[in-house]
Amino acid sequence: MTDDEPSKNISGGDAGGGAAATFDPDTAGTHAEAVVDRLGELYWTKTYGGRDAFECLVRTILSQNTSDTASQPAHDALMERYSEARRDPDSDGDLVDALAGADQQELAETIQSAGLYNQKSERIIALAAEIREEFGGEAGFDAFVRDADPDAVRDRLLEMNGVGPKTADCVLLFAGGRGGVFPVDTHVHRIARRMGLAPADADHETVRESIERDVPAEKCGFGHTAMIQFGREYCKARKPVCLDDPEACPLADRCEQVGVYPDSGDVVDPADAY
Ligand code: SF4
């Protein structure tokens, strides 16, 4: 952590992987970059990379269709049970190996708190088997995610059962440390269109393309996590803070408020803005 780190550290501090970074709002070249720089004044700025790619994949699959509060205990229980091979210096096994050979019922019980545990356990075992077959294990998969052409990595991840664009982008960002990757979840999709960073009727993929074009590569990872946090705290889906108090939003001067009508109190999806 740095001395001037804001109190709200959304990235897990130094333990979250990656390194501190500083952005200067005065030098932003686009609207989207200026928004990310301003988020850097609210939250600690950080670049990402260095997490284990397969663990990252498992974590995002556990988090599908559920909250962090539900998926975190499932992740911890899974690691506790299946990462023993990693902790044993005499073992040449790894997490991929352990999960490729896991008993499905046992894995389902372990990850129960994440919901859809039968489907998720089947997916995880199948992915582990596929990765073992193609990359040999964790180290081979890490090297592929970190070193191969990013488009090739993304395409290969998208071919895997249960891996969608957001999961693929999270693996590229958090494990590969790839700059220029700005995963678009429901918060980013909403905020980018409200603020006018992307067309009001843009789908997830178009929002991603707009932001990745306008935000410098090294700021995308931070921008993604900070925008999600900003969506939870300020620019909420049904009740953005500006609805009652125009002064309440720290980014109001950068926002076009597409679909947000403080005068009438209405909030609609930007695509349906009137
Ligand atoms: S001004 Fe309102 S709509 Fe715009 S970013 Fe802030 S909370 Fe969201």
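Among 114-124, 262-272, 61-71, 148-158, how do they line up from the highest to the lowest mean number of other beta-carbon atoms within 10 Å? Please list the in-between numbers first.
Numbers: 114-124: 19.3, 262-272: 12.7, 61-71: 16.3, 148-158: 14.3.
The packing order, highest mean first, is 114-124, 61-71, 148-158, 262-272.
Suppose R0 equals 35 Å. What FRET efficiency, 1/(1 + (r/R0)^6) with r the Cβ-Cβ distance, do Asp185 and Glu247 give to the nearest 0.05? Present the calculation step by step, with values, prior to reporting the outcome.
Details: r = 28 Å, r/R0 = 0.79.
E between Asp185 and Glu247, to the nearest 0.05, is 0.80.
Under 24 Å between alpha carbons: how many lysine pairs meet that in the chain, if sequence neighbours fewer than 8 apart on the same chain are excluded?
Lysine pairs meeting both conditions in the chain amount to 11.
Using the Karplus equation 6.51 cos²θ - 1.76 cosθ + 1.60 (θ = phi - 60°), what ³J(HN,Hα) coupling, rounded to whole Hz, does each residue of segment 146-151 give in order, writing x for Gly and Pro?
7, 10, 6, 4, x, 5
Can you work out D for segment 170-218 in µm² s⁻¹ from Stokes-Einstein, where Rh is the Kirkwood radius over C-alpha pairs, the temperature is 4 °C and the viscosity is 1.567 mPa s?
Details: Rh = 11.0 Å.
Taking Rh from Cα pairs, D becomes 118 µm²/s.
Any idea what log10 I(q)/I(0) is at q = 0.16 Å⁻¹ for the chain, Debye with uniform C-alpha scatterers and no solvent?
Listed by q, the Debye log ratios stand at -1.24.
Which value, in Å³ per residue, describes the convex hull spanned by the Cα atoms of segment 194-274? Working shown, then result.
Working: hull volume 7.6 nm³, N = 81.
Spread over its residues, the Cα hull of segment 194-274 gives 93 Å³ apiece.
Give the carbon-plus-sulfur fraction of the accessible surface of the chain in %, rounded to a whole number; probe 1.4 Å, heavy atoms of protein chains only. The partial results should precede the final answer.
Values: 5860 of 12830 Å².
Answer for the chain is 46 percent, counting heavy atoms of protein chains only.
Once the Cβ-Cβ distance between Leu116 and Met79 is put in as r, and R0 is 22 Å, what FRET efficiency do you end up with, to the nearest 0.05? Intermediate results must be reported in sequence, preceding the final value.
Numbers: r = 19 Å, r/R0 = 0.87.
The value I calculate is 0.70.
If each Cα of segment 126-274 is one equal point scatterer, what is log10 of I(q)/I(0) from the Debye formula at q = 0.09 Å⁻¹?
Listed by q, the Debye log ratios stand at -0.35.
Can you tell me the orientation of helix 220-233 relative to the chain, as the angle in degrees between its alpha-carbon axis and the longest Cα principal axis, to the nearest 10?
Its long axis makes an angle of about 70 degrees.
The values are calculated or read from the model by the stated rules, or taken from the named source; none is laboratory data. All of these numbers come straight from a predicted model, not from anything done at the bench. Neighbour counts run over all protein chains shown; Cβ positions are idealised from the backbone, glycine included. Just the protein is used for accessible areas: all its heavy atoms, side chains included, with ligands, DNA and RNA removed. Shrake-Rupley method; radii C 1.70, N 1.55, O 1.52, S 1.80 Å.
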